[in-house]
1. Report yes if some residue within segment B:87-98 is more than 14 Å from chain A (Cβ to nearest Cβ) and either out of contact with any Ser or Thr (no Cβ under 9 Å at 6 or more places or on another chain) or assigned to a strand (DSSP E or B) (or both); otherwise report no.
2. Exactly one of these conditions fails for A:PHE100: (1) facing chain B (nearest Cβ under 10 Å); (2) at pLDDT 95 or above; (3) in contact with a Phe, Trp or Tyr (Cβ under 7 Å, 6 or more places away or on another chain). Give me its number.
3. Scan segment B:69-80 for residues that are modelled with pLDDT of 95 or more and either surrounded by 15 or more Cβ atoms within 10 Å (Cβ to Cβ) or touching a strand residue (DSSP E or B) at 6+ places or on another chain (Cβ under 8 Å) (or both) and jot them down.
4. Is it true that some residue in segment B:63-73 is within 14 Å of chain A (Cβ to nearest Cβ), among the polar types (S, T, N, Q) and assigned to a loop (DSSP other than H, G, I, E, B)?
5. Out of A:SER56, A:SER28, report the one residue that is of a type in the set (S, T, N, Q) and either touching a strand residue (DSSP E or B) at 6+ places or on another chain (Cβ under 8 Å) or modelled with pLDDT of 95 or more (or both).
6. A:LEU86 passes all but one of (1) buried (at least 18 other Cβ atoms within 10 Å of the Cβ); (2) modelled with pLDDT under 95; which number fails?
7. If I ask for residues that are of a type in the set (Val, Ile, Thr) and within 14 Å of chain B (Cβ to nearest Cβ), which ones from segment A:78-90 would you list?
8. Would you confirm, using the coordinates I've provided, whether A:ARG58 is on the phi > 0 side of the Ramachandran plot, within 15 Å of the chain's Cα centre (by Cα) and more than 11 Å from chain B (Cβ to nearest Cβ)?
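The values are calculated or read from the model by the stated rules, or taken from the named source; none is laboratory data. Note that this is a predicted model, so its numbers are computed, not measured. No Cβ is skipped: glycine too gets one built from the backbone with ideal geometry, and neighbour counts run over all protein chains shown.
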Amino acid sequence: GQQVQQSPTSLVLQEGENAELQCNFSTSLNSMQWFYQRPGGSLVSVFYNPSGTKQSGRLTSTTVIKERRSSLHISSSQITDSGTYLCAMERRSGYNKLTFGKGTVLLVSP
Amino acid sequence: DPKIIQKPKYLVAVTGSEKILICEQYLGHNAMYWYRQSAKKPLEFMFSYSYQKLMDNQTASSRFQPQSSKKNHLDLQITALKPDDSATYFCASSQDWGGASTGQLYFGEGSKLTVL
């Protein structure tokens, strides 16, 4: 079975609304990461090895490794936030051998 | 300017043929990787290299052969192509490998391979 489960699979928002993306892990992990994948493909790291609550602009990550879960909160969504959000786990930190989820596709409309 | 350059961006191949995917990074990183994303599967780890040495291989098939001619190059040769090899192949890099200074992954734009 899948080791990294993301929900929802897709989400449609109106500009200005907030979003909550979930990531759950079925096996023990040492660390996790959030990525944003642009329409068209390239990936950008959003949060690297977060633990507890971390904020970067309008994005907030809340991660509890022992409970095998992480969430990504996007506040005041913008059209440019549209794309796919991927979470990934590492069984051992420092090797960048990531196991990814299938992602949440976010569409923000005007 | 992109710091990780992958070529070509798109390629079409026939079953049984061979292709090479090119990757160069200009971030001064010591570790490079290949990941693959297909329509059926999530993004998955293939290989990791550190200082031009293979450190980890998660690819069962020997048809996939990474090649590193310089520290900032990691090409991927795929032989005897099959339709199931159709995917976007992402090259990535990080500062180091295997320790506290590894750092986050930086990804290239990907090479989308279609095998007919």
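1. No, there is no match, as no residue in segment B:87-98 is more than 14 Å from chain A (Cβ to nearest Cβ) and either out of contact with any Ser or Thr (no Cβ under 9 Å at 6 or more places or on another chain) or assigned to a strand (DSSP E or B) (or both).
2. Going through the list (1) facing chain B (nearest Cβ under 10 Å); (2) at pLDDT 95 or above; (3) in contact with a Phe, Trp or Tyr (Cβ under 7 Å, 6 or more places away or on another chain), A:PHE100 breaks only (3).
3. B:ASN72, B:HIS73, B:LEU74, B:ASP75, B:LEU76, B:GLN77, B:ILE78, B:THR79, listed by residue number.
4. No, segment B:63-73 contains no residue that is within 14 Å of chain A (Cβ to nearest Cβ), among the polar types (S, T, N, Q) and assigned to a loop (DSSP other than H, G, I, E, B).
5. Going through A:SER56, A:SER28 in turn, just one is of a type in the set (S, T, N, Q) and either touching a strand residue (DSSP E or B) at 6+ places or on another chain (Cβ under 8 Å) or modelled with pLDDT of 95 or more (or both): A:SER56.
6. (2)
7. Keep residues of segment A:78-90 that are of a type in the set (Val, Ile, Thr), which gives A:79-80, A:84.
Listed by number, the list holds a single entry, A:THR84.
8. Here the answer is no, as A:ARG58 does not meet what is asked.
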